[in-house]
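Notes to accompany the following structure.
The values are calculated or read from the model by the stated rules, or taken from the named source; none is laboratory data. What you see is a predicted model, and the numbers here were worked out from it, not measured in a lab. As a convention, Cβ positions derive from the backbone with ideal geometry for all residues, glycine included, and neighbour counts pool all protein chains shown. With ligands, DNA and RNA removed, areas are computed over all heavy atoms of the protein, side chains included. Shrake-Rupley method; radii C 1.70, N 1.55, O 1.52, S 1.80 Å.
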Number of protein chains: 2
Amino acid sequence: MRTLNVALGDRAYPIHIGRGLLDRADLVLPHLKTRRVAIVTNDVVGPLYLHRLCSALEAAGVQVSAVSLPDGEAHKDWATLNRIFDVLLAERCERSTTLIALGGGVVGDMGGFAAACYQRGMPFIQIPTTLLAQVDSSVGGKTAINHPLGKNMIGAFYQPRLVLADIETLNTLPGRELSAGLAEVIKYGLIRDAEFLGWLEGNLERLVAREPDALAHAIERSCRNKAEVVAADETERGERALLNLGHTFGHAIETGLGYGEWLHGEAVAAGTMMAVELSRRLGWLSEVDVARVAALFERAGLPVYGPKLGVERYLDLMAHDKKVEAGRLRLILLRSLGQGVIHADASPAEISKAIEARCR
Amino acid sequence: MRTLNVALGDRAYPIHIGRGLLDRADLVLPHLKTRRVAIVTNDVVGPLYLHRLCSALEAAGVQVSAVSLPDGEAHKDWATLNRIFDVLLAERCERSTTLIALGGGVVGDMGGFAAACYQRGMPFIQIPTTLLAQVDSSVGGKTAINHPLGKNMIGAFYQPRLVLADIETLNTLPGRELSAGLAEVIKYGLIRDAEFLGWLEGNLERLVAREPDALAHAIERSCRNKAEVVAADETERGERALLNLGHTFGHAIETGLGYGEWLHGEAVAAGTMMAVELSRRLGWLSEVDVARVAALFERAGLPVYGPKLGVERYLDLMAHDKKVEAGRLRLILLRSLGQGVIHADASPAEISKAIEARCR
Ligand SMILES: NC(=O)c1ccc[n+]([C@@H]2O[C@H](COP(=O)([O-])OP(=O)(O)OC[C@H]3O[C@@H](n4cnc5c(N)ncnc54)[C@H](O)[C@@H]3O)[C@@H](O)[C@H]2O)c1
Ligand SMILES: NC(=O)c1ccc[n+]([C@@H]2O[C@H](COP(=O)([O-])OP(=O)(O)OC[C@H]3O[C@@H](n4cnc5c(N)ncnc54)[C@H](O)[C@@H]3O)[C@@H](O)[C@H]2O)c1
Ligand SMILES: [Zn+2]
Ligand SMILES: [Zn+2]
């Protein structure tokens, strides 16, 4: 087991990464306020892992309530959130009861938001079971639900007391979901960790093959990168923006195709290629750099071209992204491989050419 | 105009108290992030005061959106909260837009919770228009909505950037609502401000007559007391509990009669008399003290006896209150007039006698 610490002052918390952590009630106990937890999971993850977690906790004398949500982003809404509150209240959970989210990013975001709001805040623990959740959504304290008029529009910054990333849970994850998670892993290398990028180039097939040691290393390194960024900028003003590499282009792809068509990580991969191409046009990256990044995504099973939506449509969709400030598109680009920058001066013409070059 | 400061470190904020503050856009402007606000009000307060506030802000170059909620505690729920989000999104309000709550405690609690959640937190300003909201709910950062299984169960701690208490808005407030607010005013004197209690004994009729100078003094002194308690104990662990004087008994009355039958402040007044009676039985207060407190409530137009629900029912309802810890009822009692204490050692028999004595 590897452990790293998210340095957030009096709200600092540990992330444990390893095999079989679902059975390790001993890791959970020190973080409970009382021996009472409510586990939030979903109809896919519950049947696979809920029983093990419950048994471990109950054997340690913890009283457990559980609620299983319908699977999928389509249910990341108020009605589903309310099901959590219904159970918490019906089973008389208190403000001191700990909510544990067991699942991917959807369960983590909703469980975290429920914990933030229930009686104005109850203790919260994340047990992420997708690669994306282990390297990204479980770290940083963002929680949210969707609104019909916008994704993640209603939420809170709310930090967990503990994150347990059990690598073995990834064995049941569909390959496409694993690949989507790798897009975010590669992102950390690109924006701030050239050494890790080198390691990924040497070990990517080991990740795709789900070799535990390789996964543990990649997850730890990813979490470390995200934790450092978040600790420096908890509520997303400055450096945290770098985490959005490829995301403004990617959101255009997700919205343009209709949500759910491409996975988020797939859109981020193709979107990152657009950012990389634009960085090359600004003279910051070489052709060889572009090819290196594309090769990495391809080995991860990810798309390196966006769908042909038409450049105008891309620009239009991007203009509606949250990252627009005073009409100027703030893009995350690369000064070099391993060094992301916020750039608000790219002209629409330059942006168009980069999109054009990376669609097909 | 009087101003006091709520000392919460980097989230400190001013409370301005005075006449005609609704027109004072100059007081609001320094606290806006951008010249864009969304006003949340309700169908009773909106027709009375929305136009004036809008005009003042618009004249100062601020772009204003507004949403009016149905009136009443019955609408303090998710469906109504969602109407706020609908408008914020439909009118493209940003994370930097400031939400202004214009109304009583219901509007303030919902507006504040909406501000806490919209895009994970937007700036928030309170313009309370009931006495209860001016002396209690607008100060302290508690926000919430109700759940069918419990009042104020879903919410957040979220501080405003500014509170504007315009005393003139109280001129349209129904007398019964004014009295209910006075219950909380008297409470501050009882739990921690003997000097203020003396002032109240000398000036209560001036408050009932809505004399501006008297109101301004009472509101300032109340806010100062609440602000001091909150600053010392932002998330309600220790001293903040004193603010619940009369509330555990009061909640039993509210629930026992069905919510809405008695106003909250009315139930608090009768509940405080039970706490006062119990304090006397413990030897902390004299008969004369009890009579002094009762006289004050009566002059404020408030009940000093609870309804005859039966002692068993009272105890039962109180046992379901949040303030139970490990089966022991934590009551707020008075060591002397002006000095509240948390007491968890009163026997059910003693509590019963106190209830019995103050029902009729
Ligand atoms: N909070 C943040 O900072 C943050 C960051 C990135 C993404 N997100 C959010 O995360 C969500 C996406 O997360 P995700 O990619 O984990 O999606 P997800 O939670 O929908 O999980 C993907 C699919 O895998 C299933 N699954 C989960 N674990 C499994 C396992 N071990 N074995 C088999 N199947 C499993 C899920 O049930 C689901 O069908 C989005 O809602 C996004 O907004 C949040
Ligand atoms: N956040 C906190 O710390 C806190 C503390 C105490 C109470 N509360 C909450 O506050 C709420 C009660 O607040 P309230 O007593 O202000 O009730 P309220 O908001 O329902 O207002 C009472 C009535 O007066 C009307 N009204 C408001 N201002 C008026 C005016 N100037 N002229 C004429 N009518 C006016 C309202 O529309 C309503 O009909 C409850 O929901 C309670 O839970 C919160
Ligand atoms: Zn992402
Ligand atoms: Zn009260």
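Can you give the FRET efficiency for residue A:292 and residue A:328, using 1/(1 + (r/R0)^6), R0 = 22 Å, r = Cβ-Cβ distance, to the nearest 0.05? Calculated transfer efficiency: 0.15. When the inverse distances between all different Cα atoms of segment A:2-172 are averaged and flipped, the Kirkwood radius reads 15.6 angstrom. Annotation: residue A:157 carries an accessible surface of approximately 50 Å², with a 1.4 Å probe and no ligand, DNA or RNA atoms counted. For segment A:192-357, the solvent-accessible area with a 1.4 angstrom probe is 41 square angstrom per residue.
In chain B, what % of DSSP beta bridges are antiparallel (nearest 5)?
Values: 17 of 40 bridges.
Taking every DSSP beta bridge within chain B, about 45 percent pair in antiparallel fashion.
For segment A:83-193, relative contact order (Cα pairs under 8 Å, six or more residues apart, normalised by length) works out to 25 percent. Structural size metrics of segment A:188-273, computed from C-alpha coordinates, are Rg and Dmax of 14.4, 38 Å. The spacing between segment B:54-123 and segment A:1-52, judged by their C-alpha centroids, is 36 Å. Remark: spin-label model distance residue A:353-residue B:201 equals 8.5 nm, labels positioned 7 Å along the Cα→Cβ axis. Figure note: A:259, B:188, B:158 ranked by solvent-accessible area, largest first, 1.4 Å probe, ligands and nucleic acids not counted: A:259, B:158, B:188.
Each DSSP beta bridge with both residues in the protein assembly as shown is either parallel or antiparallel, and the antiparallel ones are about 45%. The apolar share of the surface of chain B, taken as the fraction of accessible area on carbon and sulfur atoms (1.4 Å probe, ligands and nucleic acids excluded), comes to 49 percent. Counting from the shortest, the label point at residue B:94, 7 Å from Cα toward Cβ, is 4.5 nm from the same position in each remaining copy.
Counting only protein chain heavy atoms and rolling a 1.4 Å probe, the accessible areas of B:43, A:213 rank, largest first, as A:213, B:43. How far is it, in nm, from the label point at residue A:95 to the one at residue A:239 when both lie 7 Å from their Cα along the line to the Cβ? For residue A:95 paired with residue A:239, the spin-label model returns 3.5 nm.
Would you compute, from DSSP H runs of 4+ residues alone, the mean residue ellipticity of chain B at 222 nm, taking -39500 (n - 2.57) per run and dividing by the full residue count, rounded to the nearest 500?
Numbers: 12 runs with 154 residues, N = 360.
The helix-only estimate for chain B comes to -13500 deg cm²/dmol at 222 nm.
I'd like the antiparallel share, as a percent to the nearest 5, of DSSP beta bridges with both residues in segment A:2-172. Mind dumping the intermediate values first?
Details: 10 of 32 bridges.
In segment A:2-172, approximately 30 percent of DSSP beta bridges are antiparallel ones.
For the residues A:132, A:173, B:200, a 1.4 Å probe over the protein chains yields an accessible-area ranking, largest first, of A:132, A:173, B:200. Each other copy places its own label point for residue B:349 at 9.3 nm from this one, sorted shortest first, where the point lies 7 Å along the Cα-to-beta carbon line. Cross-link partners of residue A:76 among aspartates and glutamates, defined as those whose alpha carbon lies under 17 angstrom from its own and excluding same-chain residues fewer than eight positions apart: A:43, A:86, A:109, A:254, A:261, B:86. Summing both sides, the accessible surface hidden between A and B at a 1.4 Å probe radius is close to 2700 Å².
Computed over segment B:212-329, relative contact order equals 24 percent, with contacts defined as Cα pairs under 8 Å that lie 6+ residues apart. Using only alpha carbons, segment B:221-360 has a radius of gyration to Kirkwood radius ratio (Rg to Rh) of 0.94. Shown here for segment A:203-260: trypsin sites (Lys or Arg not before Pro) in loop regions (DSSP other than H, G, I, E, B) with at most 12 other Cβ atoms within 10 Å, namely A:237.
For an R0 of 25 angstrom, estimate the FRET efficiency from the Cβ-Cβ distance between residue A:86 and residue A:11 and round to the nearest 0.05. With a Förster radius of 25 Å, E is 0.35.
Mean sequence separation of contacting Cα pairs (under 8 Å, at least six apart), scaled by the length of chain A, corresponds to a relative contact order of 15 percent. When residue B:12 is represented by a point 7 angstrom out along its Cα-to-C-beta vector, the spacings to that point in the other copies are 2.8 nm, nearest first.
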